[in-house]
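The values are calculated or read from the model by the stated rules, or taken from the named source; none is laboratory data. Predicted model only: the values in this text are computed from it and were never measured. No Cβ is skipped: glycine too gets one built from the backbone with ideal geometry, and neighbour counts run over all protein chains shown. Side chains included, ligands, DNA and RNA excluded: accessible areas come from the protein's heavy atoms. Shrake-Rupley method; radii C 1.70, N 1.55, O 1.52, S 1.80 Å.
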Amino acid sequence: MTTPITHQQIVLGVTGSIACYKAADLASKLTQAGAAVDVILTDAAARFVTPFTFQAVTGRPVYTDLWDERGHIRHVQLGEQANLLVIAPATAHTIAKLAHGLADNLLTVTALAARCPVLLAPAMDGGMYEHPATQANIRLLQERGVTMIGPVSGRMASGLTGLGRMVEPAELLAHIRLKLGENGVLRGRKLIITAGPTQEPLDPVRYLSNYSSGKQGVALAQAALDAGAAVTLIAGPLQVAVPLGVTHIPVLTAEQMKNAVLAAIQDADALLMAAAVADFRPAHQAEQKIKKTDQGPEMVIELTRNPDILAAVKAQREETRRPHLVLGFAAETQDVLAYGQEKLIRKGLDFIAINDVSRPDAGFAVDQNQITLLGREGVIAEIPLQDKSAVAAQIIHYLAQALV
Ligand code: CTP
């Protein structure tokens with residue numbers, strides 16, 4: 001599966017901190033994500049982890065020495081060809097050198113030659129991090145456009161707890177993905193995406209809901225971020241993590257989701273309604289827990305219709321003309337195209353993504369999906385059965401074509 005990291009040329013600078021062992025994991029993760037990773041170790045870093053470790057995980061030569069022939073030619077090439085320079089861990093010393101333009105080893109020379117975005121993951125003792133000199137150096141680098149990720153609080157090599165630990169490799173990977181996606185086709189566009197089920201309370205401890213996991217909506221949010229969009233995710237309780245970089249507005253009921261959507265779409269380019277909104281809610285919400293002794297042998301729950309969020313969007317859109325595009329989902333079991341077409345018109349949509357939920361391997365709460373994407377003029381694409389993330393990337397691809 002292609003992400004913004006795939007086929008990118010990434011220079012990973014590693015400087016001398018105990019967190020160097022995490023850099024090997026980061027190099028491995030970036031390589032597995034499809035990047036070509038050129039690692040430059042400082043002398044101090046090479047004392048913590050050998051170049052061979054990085055060579056083994058990246059499958060590429062590792063650079064350490066400015067003074068060997070490769071180093072001399074490579075520093076300009078590496079810097080100029082890179083799509084991103086990541087320094088993780090970045091020590092207080094290297095941060096100071098970068099802030100002042102010093103170039104005394106292959107990494108700092110490469111950093112001066114680099115014209116790509118730079119991302120630093122500081123790692124140092126808490127006292128060193130808080131020192132005014134380090135803070136001033138970090139500010140200077142940030143003013144020059146360098147992105148600082150972390151450090152975070154936790155146990156340090158000294159045994160003390162403080163602010164100075166390097167951010168974990170998985171989180172760094174998410175930051176790198178976000179950074180590399182920034183200039184995608186949806187740069188400058190704002191997308192509102194809904195996901196997950198809604199929960200409709202019956203009493204303080206019970207609710208009505210459905211099996212939606214939120215996987216498809218969250219995958220759409222990730223795909224939109226990958227394409228450079230600003231993404232707001234309005235979601236009921238999710239069974240999957242929200243991607244880094246998303247503005248998450250958690251909601252519970254359909255009514256709350258409707259209000260959040262109507263507010264968010266006012267300056268949005270597109271709305272993607274992937275949420276499984278409960279069509280009905282209990283007509284009365286008991287203030288106290290309902291006791292079974294208060295009921296007979298049977299209990300009847302009266303339900304009332306929830307608002308149709310897309311209908312409310314349609315009405316507001318007639319006034320505001322925003323968002324420019326609205327995509328809905330439809331879960332159908334028969335006459336999939338005909339019902340989809342009718343729903344597209346009735347709900348005032350530009351696109352509808354129809355899944356055939358009669359298939360056991362696609363749709364609700366599973367990892368895969370199969371979609372027929374319909375536009376006002378007919379079928380746009382048949383997206384075959386595959387991971388929800390791959391389906392999401394394709395939906396975003398077609399949406400982006402319509403937006404630009
Ligand atoms: N939807 C909505 N508000 C609701 C229910 C659904 O905005 N109260 C949205 C869903 O997020 C989805 C689309 O409407 O994008 C279609 O949902 P679906 O449940 O398939 O359609 P319904 O209109 O409920 O029609 P039916 O259940 O009769 O098929």
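Name every residue in the range 261-295 that is within 16 Å of the ligand (Cβ to nearest atom), open to solvent by 20 Å² or more (accessible area, probe 1.4 Å) and either part of a helix (DSSP H, G or I) or farther than 20 Å from A353 by Cβ (or both), in order of residue number.
Hits for the range 261-295 are L262, A263, F280, R281, A283.
Consider only pairs whose beta carbons are under 7 Å apart and that are at least six residues apart or on different chains; among these, list those whose first residue lies in the range 178-202 and is over 18 Å from V251 (Cβ atoms) and whose second residue is of a type in the set (F, W, Y) and within 16 Å of the ligand (Cβ to nearest atom).
Here the result reads none, with nothing in the range 178-202 linked to a residue that is of a type in the set (F, W, Y) and within 16 Å of the ligand (Cβ to nearest atom).
Looking only at the range 2-48, filter to residues that are open to solvent by 30 Å² or more (accessible area, probe 1.4 Å) and acidic (D, E); which one of those is farthest from the chain's Cα centre (by Cα)?
D43
A quick yes/no check of all residues on (1) closer than 30 Å to E143 by Cβ; (2) not charged (D, E, K, R); (3) not assigned by TED's automatic domain parsing to the domain that holds L163:
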{"position": "A23", "(1), (2), (3)": "yes, yes, no"}
{"position": "F48", "(1), (2), (3)": "no, yes, no"}
{"position": "D65", "(1), (2), (3)": "no, no, no"}
{"position": "V86", "(1), (2), (3)": "yes, yes, no"}
{"position": "G101", "(1), (2), (3)": "yes, yes, no"}
{"position": "L106", "(1), (2), (3)": "yes, yes, no"}
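Can you name the condition, by its number, that Q239 falls short on among (1) closer than 18 Å to A331 by Cβ; (2) within 16 Å of the ligand (Cβ to nearest atom); (3) at pLDDT 95 or above?
(2)
For the subset of the range 104-138 comprising residues that are closer than 19 Å to K179 by Cα and part of a helix (DSSP H, G or I), which member is modelled with the lowest pLDDT?
Going through the qualifying residues, I end up with A111.
In the range 296-314, how many residues are within 16 Å of the ligand (Cβ to nearest atom) and of a type in the set (D, E, K, R)? Outline the logic, then answer.
Filtering the range 296-314 down to residues within 16 Å of the ligand (Cβ to nearest atom) leaves 303-314.
Now restrict to residues that are of a type in the set (D, E, K, R): 305, 308, 314.
Total meeting the criteria: 3.
When you look at V366, is it away from the ligand (no atom under 14 Å from the Cβ), assigned to a helix (DSSP H, G or I) and closer than 17 Å to A276 by Cβ, yes or no?
no
Go over the candidates G228, G184, G217 one by one and state the one that is under 16 Å from the mean Cα position of the chain (by Cα), part of a loop (DSSP other than H, G, I, E, B) and crowded, with 19+ Cβ neighbours inside 10 Å. Outline the logic, then answer.
Working: G184 fails: crowded, with 19+ Cβ neighbours inside 10 Å; G217 fails: part of a loop (DSSP other than H, G, I, E, B).
Residue meeting the stated conditions: G228.
Has the range 315-332 got any residue that is among the hydroxyl-bearing types (S, T, Y), more than 17 Å from G196 (Cα to Cα) and more than 9 Å from the ligand (Cβ to nearest atom)?
So far as the range 315-332 goes, yes, one or more of its residues are among the hydroxyl-bearing types (S, T, Y), more than 17 Å from G196 (Cα to Cα) and more than 9 Å from the ligand (Cβ to nearest atom).
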